[in-house]
1. I'm trying to understand the selection: among the residues of the range 219-251, which are within 22 Å of Phe181 (Cβ to Cβ) and part of a helix (DSSP H, G or I)?
2. Evaluate the range 185-198: report whether one residue or more is open to solvent by 10 Å² or more (accessible area, probe 1.4 Å) and in contact with a strand residue (DSSP E or B) (Cβ under 8 Å, 6 or more places away or on another chain).
3. Quick check on the range 125-139. Is at least one of its residues under 22 Å from Ser188 (Cβ atoms), out of contact with any Cys (no Cβ under 7 Å at 6 or more places or on another chain) and of a type in the set (S, T, N, Q)?
4. Take the range 70-118 and flag every residue that is touching a residue at least 12 places away in the same chain (Cβ under 8 Å), part of a loop (DSSP other than H, G, I, E, B) and of a type in the set (A, V, I, L, M).
5. From the list Ile216, Ile203, exactly one residue is assigned to a loop (DSSP other than H, G, I, E, B), in contact with a Cys (Cβ under 7 Å, 6 or more places away or on another chain) and within 22 Å of Leu92 (Cα to Cα). Which is it?
6. I'm checking my understanding of the structure. Among residues of the range 199-234 that are more than 18 Å from the chain's Cα centre (by Cα) and open to solvent by less than 20 Å² (accessible area, probe 1.4 Å), which one is farthest from Phe262 (Cα to Cα)?
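The values are calculated or read from the model by the stated rules, or taken from the named source; none is laboratory data. Predicted model only: the values in this text are computed from it and were never measured. No Cβ is skipped: glycine too gets one built from the backbone with ideal geometry, and neighbour counts run over all protein chains shown. With ligands, DNA and RNA removed, areas are computed over all heavy atoms of the protein, side chains included. Shrake-Rupley method; radii C 1.70, N 1.55, O 1.52, S 1.80 Å.
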Amino acid sequence: TSCSTLSSNQRIELADKIALRSNLASFKIQASMFTLFGYYKVTEPSKTSLIYIEGDGLSWIDRWTISTNPTPTNPVALKLASLDSSPNVIYLARPCQYLDLIYEKNCLAKYWTSHQFSKEILDLYHEALDQIKLRFQVNDFHLVGFSGGAAIAVMLTADREDIRSLRTIAGNLDHISLNNFKKMSTLSGSLDTMDYANRTKNIPQVHYFGGKDKIIPSWIAKNYLKTINSNSCTSIIEVTEASHLDGWEEYWTLNQNLPKCFK
C-alpha cells in the first residue's frame with residue numbers, strides 16, 4: 001500500500017537510482033505513436049544485446065480503479081537488468097511509463113489496460129528494436145520479459161528473425177485464460193499471446209514462475225509449454241521462494257545463463 005502512494009516523480013527517481021548503480025544511462029525512443037523510455041549500457045556493439053521488457057507497472061490502483069500513470073512502483077525488470085553482467089544491456093519500459101503524460105497525446109489508459117497487448121503496442125516494440133539496432137549498432141537480441149512484458153517478448157520472438165533466445169519471468173503468457181480464471185474483464189483490445197507461441201518453438205527459451213506467485217499461477221507456464229509441444233528448446237523452471245514481485249533478484253544474481261536447445 002505504501003508503494004502505491006509514491007508519486008510518479010518519486011517512482012522515476014527510484015528507477016534512476018537503480019539504473020545509476022549499474023551505470024545504465026537513460027534514453028528515449030520516438031516511435032510513430034508513442035515515446036518509449038529505457039535505460040542502457042552498450043560497451044561491445046558487435047555482440048548480441050540483452051533486452052529487458054518491464055511488467056505492467058501501476059496500471060490499476062485496485063480492482064476497480066485505473067491508474068492515471070502506469071510507472072512501476074517496483075520495477076522488477078529494471079532491477080534484473082541492473083544485475084546483468086552482459087556487455088550490452090537495454091531496458092525498455094512499457095508504453096507511457098516514466099513519461100510526463102501531459103505531453104504524450106496517445107497515452108490513453110486503454111494502453112495499460114484493455115489494449116496493453118494490442119497491435120499498436122506490438123508495432124511500437126518492433127519500431128523500438130529496429131531503432132536500437134541502428135542507434136547502438138547491434139545485430140540481434142536476447143529477450144527477457146517480466147509479467148506482462150513477457151507477452152510482448154513472446155510476440156516479438158514469434159515475429160522477428162533477430163531474436164536469439166527468450167526468457168520470461170512470472171510471465172502473463174495467456175491473459176485470456178488467466179482473466180477468465182480470475183473472473184476479470186478480458187483485454188478486449190489485445191492480441192492473444194498464445195496465437196504466437198508455436199512460432200517460437202525453435203528459439204531457445206526458459207519460462208520462470210514463482211512458487212509463491214499469487215498473481216500468475218503455475219499452470220499458465222505449463223499450458224504454454226503444452227501449446228508449444230514441449231520440444232528440446234523450451235523449458236519451465238519453478239523458483240520456489242519467489243512471489244510475483246519478490247525473490248527474483250536473489251535468483252537472477254546466480255542464474256543468468258542463456259537458454260539453449262538440447263537434442
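1. Correct list: Trp219, Ile220, Ala221, Lys222, Asn223, Tyr224, Leu225, Lys226, Thr227.
2. Taking every residue of the range 185-198 in turn, none turns out to be open to solvent by 10 Å² or more (accessible area, probe 1.4 Å) and in contact with a strand residue (DSSP E or B) (Cβ under 8 Å, 6 or more places away or on another chain).
3. No, there is no match, as no residue in the range 125-139 is under 22 Å from Ser188 (Cβ atoms), out of contact with any Cys (no Cβ under 7 Å at 6 or more places or on another chain) and of a type in the set (S, T, N, Q).
4. Our first condition is that a residue be touching a residue at least 12 places away in the same chain (Cβ under 8 Å); within the range 70-118, this holds for 70-99, 101, 104, 106-107, 109-118.
Remaining after also requiring part of a loop (DSSP other than H, G, I, E, B): 70-75, 84-87, 93-99, 104, 106-107, 113-118.
Scanning the range 70-118 gives Ala93, Leu99.
5. Being assigned to a loop (DSSP other than H, G, I, E, B), in contact with a Cys (Cβ under 7 Å, 6 or more places away or on another chain) and within 22 Å of Leu92 (Cα to Cα) holds for just one of Ile216, Ile203, which is Ile203.
6. Result: Ile228.
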